[in-house]
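The structure under discussion appears below in the form of structure tokens.
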Amino acid sequence: MTQGFEIGARAKARCDLMGAAPFSEADDMLVRRFLTSAHKAALDTLKFWMEEAGMSARLDAAGNLVGRYEGATPGAPALLIGSHIDSVRNGGRYDGALGVMLAIDVIEAFHRQGRRLHFAIEAIAFGDEEGSRFPASMACSRAVAGTVDPKVMEMTDAEGTSLAQAFAAFGLDPTRLTEAARKPGEVFAFLEAHIEQGPVLEAEGLALGVVSAIAAQKRLMVRFKGMAGHAGTTPMGLRKDPGPAAAEAVLALERVCREGPLAGTDGLVGTVGRLTALPGAFNVIPGAVEFSMDIRAETSATRDAAVEAVTAEIEAIAARRGLAVSVTLMQALAESPCDTGLTDLLSAAVADQGGPARRLPSGAGHDAMVIADLCPTAMLFIRCEGGISHNPAEAVTDSDCALAAQAMVGFVERLAAQGPRPSTGSG
Ligand code: GLV
Ligand code: MN
Ligand code: MN
């Protein structure tokens, strides 16, 4: 169908616009964390774009912006399309945002034709997928899926602000978080488009791919506690320095994932993305060192075996060095297979754009893995240059974004062709 605007390319341009202040917290990089002024600026503009695209838009109780394009019958179950609008620190412009902008383009394509389907279509901009402000991620999509634990409100950011305080400062009521949950039957399917964040599609010369499943992941915080002291006066043999213990632990994680018996199994990967020595000064032996661990694999079993192996090594390091240690689980997400019926439909829609519909697993986490508790899900991947992501160098082309949007429109058309209560497969 013709849209009267550059479908897909416009989505990319909107991501580019949102790559800088006021949609970023900083002038020299993109960082748009949950419930910040940059998040607010993004929501205000997204709301305008959603309304312009024929939707009624509302902020839900969890800080997600939801735009609804009614079907032929008001109140019909909805196909939900979207992704997250937050970013990592110094991130790229398309991780998450592109999936939100594409959802708006796809809905606007139907709106401009005055077409109402047997079902409603909703666009959603999830507030926090990355966990770049608060330590656990995807609280917003969990709230929509009805699986969020209200205790997340106790989490604090680096400044000590609790999620509850951040909600209140944003004008949201922290006690109403769970009201964002969608009722069974209200949403019958979820489609998320996202840049691949890996090199497979580019290597194979493909613009689009269809996700088969999303990898399991765990986030943990490790804290070695020693004794703070003077860096000039405390002899090496008399220190309780958690710094070298943390260094050993980082290497242990790498060994478990890279060389140990589990290495190479189910795409196992492990990352220390944040490491902090406290109090943090040239001339102070740290009293404590904290670091994050992110461990992922295509199966929870392999992920958990790696967590166990590295935890045992960390405890042994602490014992050998006479330090206290704690390993705290911050988040666990099971692997999430995409729905087979929806994935077949999406593959057919991709093939209509000149395919082939390459299927590939996702090592990155996505809101779709949480929304799978609510309804069947499908995911479309878009080639990104060099497979680079979580980096300002993230890049996509207008033509790939156009193909993605057309494939998404085709997916919606195919769902519509199935009649009023689309069968979404077994999942
Ligand atoms: C999100 O980008 C994640 O995979 O952690
Ligand atoms: Mn990301
Ligand atoms: Mn993402």
Matching option when the condition is closer than 30 Å to A13 by Cβ and in the same structural domain as H366 (by TED's automatic domain parsing), among R176, R115: R115
The stretch 119-156: number of residues that are in contact with a helix residue (DSSP H, G or I) (Cβ under 9 Å, 6 or more places away or on another chain), open to solvent by less than 10 Å² (accessible area, probe 1.4 Å) and more than 16 Å from ligand 2 (Cβ to nearest atom): 7
Some residue of the stretch 86-105 being in the same structural domain as E52 (by TED's automatic domain parsing), out of contact with any helix residue (DSSP H, G or I) (no Cβ under 9 Å at 6 or more places or on another chain) and over 22 Å from S24 (Cβ atoms): no
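Yes/no per residue for (1) of a type in the set (D, E, K, R); (2) within 16 Å of ligand 1 (Cβ to nearest atom); (3) under 30 Å from G127 (Cβ atoms):
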| site | (1), (2), (3) |
| --- | --- |
| R321 | yes, no, no |
| A324 | no, no, no |
| G363 | no, yes, yes |
| H366 | no, yes, yes |
Listing of helices (runs of 4 or more DSSP H) fully contained in the stretch 330-426 that carry 3 or more residues being over 30 Å from G131 (Cβ atoms): 340-352, 398-416
Criterion (open to solvent by less than 70 Å² (accessible area, probe 1.4 Å), in contact (Cβ under 8 Å) with a residue 40 or more places away in the chain, of a type in the set (A, V, I, L, M) and under 14 Å from V210 (Cβ atoms)) met by exactly one of L323, L345, L415: L345
Within the stretch 364-407, considering residues that are on the phi > 0 side of the Ramachandran plot and within 14 Å of ligand 2 (Cβ to nearest atom), the one surrounded by the most Cβ atoms within 10 Å (Cβ to Cβ): H390
Among residues of the stretch 86-103, those that are farther than 20 Å from G273 by Cα, in contact with a Leu (Cβ under 9 Å, 6 or more places away or on another chain) and within 13 Å of ligand 1 (Cβ to nearest atom), counted: 1
Any hit, the stretch 5-14, residues being free of Cβ contacts under 8 Å to residues at least 24 places away in the same chain, in the same structural domain as S87 (by TED's automatic domain parsing) and surrounded by 19 or more Cβ atoms within 10 Å (Cβ to Cβ): no
Segments classed as strands (runs of 3 or more DSSP E), wholly inside the stretch 28-137, with at least 3 members that are of a type outside the set (F, W, Y) and touching a residue at least 40 places away in the same chain (Cβ under 8 Å): 65-69, 78-84, 120-126
Some residue of the stretch 197-204 being in contact (Cβ under 8 Å) with a residue 12 or more places away in the chain, among the β-branched types (V, I, T) and open to solvent by 20 Å² or more (accessible area, probe 1.4 Å): yes
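The values are calculated or read from the model by the stated rules, or taken from the named source; none is laboratory data. All values derive from a computational prediction rather than experimental measurement. As a convention, Cβ positions derive from the backbone with ideal geometry for all residues, glycine included, and neighbour counts pool all protein chains shown. What goes into the accessible areas is simple: the full protein's heavy atoms, side chains included, and nothing from ligands, DNA or RNA. Shrake-Rupley method; radii C 1.70, N 1.55, O 1.52, S 1.80 Å.
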